[in-house]
Amino acid sequence: MKTKFKGILTLLLALVAQVAFAQQTVTGTVTDADGPIGGATVSVKGGTTFASTDFDGNYSIQANPEDILVFSYVGYDSKEELVGNKTVINVTLAASLDEVVVVGYRTTTQEKSNVASSIVTNKTIENRPNANVLQTLAGQVPGLDIRANTGQPGGDSTINLRGIGSINGNNEPLFVIDGAFVDEDNFRSLNPQDIKSISTLRDVAATAIYGNRGANGVIVIETKTGAYGQDLEIRVNSISTFNRLQDNDYDLLNSQELLTLERERGAGFGGGVYQGTGVPLTDAEIAAAPNTNWRDVFFRVGSTLNNNVSLSSGGKNSRQFTSLGFYDQEGILKDSDLKRFNFRTNVSGKTDNDKFNYALNLTANYSESNEPNQIGGTGINRNYVLGAYQSVPWISPDDYTTGADLLSPLLFANTPLFLLDRLNTYRRKEEEIKLVGSMNLSYKLTDDFTLRSITGFDYQNEILTRAEQSDSFNALLFGGAANPVAGFSQQSTVREFAFNQNTSLNYNHTFADKHTVDASVFVEYNKYHLRGFRFFNEGLDPRTYAFGDGSGIVQDQPTNDFYVATPGADVNNSGLFSYFGSVDYDYDGKYGFTGTLRRDASSRFVGDNKWGTFYSVAGRWNMHKEKFLEESEVIDVLKLRASYGTAGNQYVSLNNNFGIFSPSVNFLDLGLYRDTFGTGGSYAGLQGVSVNNFGIGGLSWETTREYNVGVDIEIIT
């Protein structure tokens, strides 16, 4: 009996050992033509085992010899490999013609797309030192012109797609993040590390469906998600960079050369004019003069720190992506910097039968920036760049004492000292809270009909605080003896909230395996709200002043009007209502046609001008599907496209959602088409009422008509 038991135990141990040795660890690297692919999925076909590649494209997974590994990544053809006795499997994925591309409010494959669009993925967005994600697109999208307005960290960029489309209205594209329409002028608070892809829609076949906002193109941004069946993956990255002022070829005079020239001309400090003596400097005095490079005083080596942590995971029917980020950048110009904190959570999922799908996306961001103003102006007491390049070298930073000491004698040569005083006595800070969220829901009513709902919002709260101390050179210069506390304090708060809701019904069916019809009808509602408050107060008491807390403000005095505060407030609303539809037809992947029609109503216009109609038609011919090119060894893809249509621009005056007025003046939610009045001025000491704006009752939409013809070609190499 004992011998029999030993035999059974030996058999079981052998079976366990066989199972243990059957499963093996497989490692390798997933790449494409450009290098490693991070975030690619490696899975056992028909099983539940998954792995993801790291930033260098490396993976590790447990598999049996008879298993087949499936390698996949968005935008690439999947590839399968039998494990066998291999422990290292490296694969290279090829870009897929079935890559999903965004076309207006729907998606299709690259092969069946009738429009001109470009896709930039996270591979060329991540790990760059740009605070503003839009600056990362420079040079990556054909026809996209991006110009940074300033060197301020996170500063706004001017973006034009295919040139200027309006004479005096908005010329920038419409931006959509996960279905939420967002402010095109404010991306400093958003984290580029969260971006999955950016699609640029360039021709009217894609933009006409956006109606009143599509004339300048559309840029659709999708953020990252987890993967179904993915174990928890934690990624941490930290990037440190440094930048400095670009070198130039200016050959400027040093102190000895400049003072010698002044002495020869009998002018300036070298000629004794500034001293009021008229006695020129001696050779010894000129030789002893210091040499100051004022560029090194006002500019610095800027540093950037970018820390990010992300967590992604997924089960059978749900997936999530969460990220935390901290960004800290010092500009190369002193007193310019940006600090940013980011949080994002994206959750999506589906039911077992895949009929119901949902996606919830939310990002919360806080940024704080210091920004020198009046850069580029002519004020020698305001512009640090002017001081860096036009200051005399024989003055030293050690010559600065206080602002009061610069008043007498008042010399233009002391320009850099005026600016050093401003660095010490003037502060300007902008704080921003920005929330962007969206909810995407879809339900398959039948195999052909799908009901969808997209709801999004963009909220931002900006707080500007400025103050100039009363002991500063500027305050003493302009306040004088009559106003010994002539500093000022300013604060303003502007809150903007944009809301959009889109409901659609889609029909998609293939007849006889060759004819595919994709048709949708939409109803959309957009609403915008702005609230603002501000004050500007002359007079700061240096004994109690502290930046930003309201202390030190001098109250109005009955004997003068120096300290009268200037308050202001804004309340504004606008809205859009739209209904539209699209039809897409495809025959056997060779020929395709698309038509769109949209009606918009805007609160910016009145009467019959309130409604605008926009449309487009487009077609394509995939010539590589024809027999005469099907066997070509040179041409892989050859597509001919053409489109015609109209798109609108409701921003016919300023680039915002609130009519022609800027938040710096009082206004109601009225537009360029109405007469508006305001209080101001006086007659015989009485308050007056005057016309702020003479309305143009016939004002209507600005409409752009476009013709597009394009050829897409890919050569086999």
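Descriptive notes on the structure:
- Counting only aspartates and glutamates at least 8 places from Lys514 when in the same chain, those with an alpha carbon closer than 13 Å to its own are Asp586, Asp588.
- Summing Cβ point charges (Lys, Arg +1; Asp, Glu -1) relative to the Cα centre of the chain gives a dipole of roughly 1920 debye.
- Karplus-based coupling profile of region 643-650, in residue order and whole Hz: 7, 8, x, 10, 9, x, 9, 7, with θ = phi - 60° in 6.51 cos²θ - 1.76 cosθ + 1.60 and x standing for Gly or Pro.
- In order through region 375-385: 3J(HN,Hα) via Karplus (6.51 cos²θ - 1.76 cosθ + 1.60), integer Hz, x for Gly, Pro: 6, x, x, 9, x, 6, 9, 10, 9, 5, 5
- Amide H contacts for Gly268 (H built 1.01 Å from N in the peptide plane; partners 5 or more residues away or on another chain; cut-off under 5 Å): Val273, Tyr274.
- Global form of region 72-218, assessed from the alpha-carbon gyration tensor, a/c cut-off 1.5: oblate
- Check: region 104-246 dipole with +1 on Lys, Arg Cβ and -1 on Asp, Glu Cβ, in debye: 260 debye
- Carbon and sulfur %, accessible surface of region 151-310 computed with the full protein complex present, 1.4 Å: 52 percent
- About its Cα centre, region 159-212 has a charge dipole of approximately 160 debye under the convention of +1 per Lys or Arg Cβ and -1 per Asp or Glu Cβ, with nothing else charged.
- Taking all protein chains together, Ile463, Ile61, Ile239 sort by accessible area into Ile463, Ile239, Ile61, largest first [probe 1.4 Å].
- The equivalent ellipsoid that matches the C-alpha gyration tensor of region 194-350 spans semi-axes of 61, 23, 11 angstrom, in descending order.
- Rounded Å value of the spacing that divides the Cα centres of region 150-172 and region 348-385: 17 Å
- Computed from the C-beta positions of Asp77 and Thr566, the FRET efficiency with R₀ = 60 Å rounds to 0.40.
- Positive-end residue of Gly278, Asn149, Ala40, charge dipole of the chain with Cβ unit charges: Ala40
- 37 °C / 0.692 mPa s Stokes-Einstein diffusion coefficient of the chain, Kirkwood radius on C-alpha pairs, µm²/s: 108 µm²/s
- Positive-end ranking of Ile395, Asn424, Gly314 along the dipole of region 289-429, with charges on Cβ about the Cα centre, is headed by Gly314.
- In this structure the chain gives 49 Å² per residue of accessible area when probed at 1.4 Å with all protein chains present.
- Too-long pairs where the Cα-Cα distance tops 26 Å, listed order kept, from Lys45/Lys355; Lys112/Lys627; Lys196/Lys339; Lys444/Lys590; Lys224/Lys339: Lys444/Lys590
- For region 526-543, Karplus couplings with θ = phi - 60° (6.51, -1.76, 1.60), whole Hz, Gly/Pro x: 10, 9, 10, 9, 10, 9, x, 8, 7, 8, 9, 10, 8, x, 10, 8, x, 6
- Loop GluC sites (Glu not before Pro), region 577-637 (other Cβ atoms within 10 Å of the site Cβ: 14 or fewer; DSSP): Glu626, Glu631, Glu633
- Among the chymotrypsin sites (Phe, Trp or Tyr not before Pro) in region 170-256, those placed in a DSSP loop whose Cβ has at most 15 other Cβ atoms within 10 Å are Tyr250.
- Accessible area of region 477-615 belonging to carbon and sulfur atoms, whole % at 1.4 Å probe: 60 percent
- Helical runs (DSSP H, four residues minimum) scored at -39500 (n - 2.57) apiece and divided by the length of the chain put the mean residue ellipticity at 222 nm at -3000 deg cm²/dmol.
- Computed from the C-beta positions of Glu626 and Thr107, the FRET efficiency with R₀ = 25 Å rounds to 0.45.
- Entry note, region 486-526: relative contact order of 40 percent, from Cα contacts under 8 Å with a spacing of 6+ residues.
The values are calculated or read from the model by the stated rules, or taken from the named source; none is laboratory data. All values reported here derive from a predicted model rather than from experimental measurement. Ideal geometry is used to build each Cβ from the backbone, glycine not excepted, and the neighbour counts take in all protein chains shown. When the accessible area is computed, the model is the full protein with side chains, heavy atoms only, and any ligands, DNA or RNA have been set aside. Shrake-Rupley method; radii C 1.70, N 1.55, O 1.52, S 1.80 Å.
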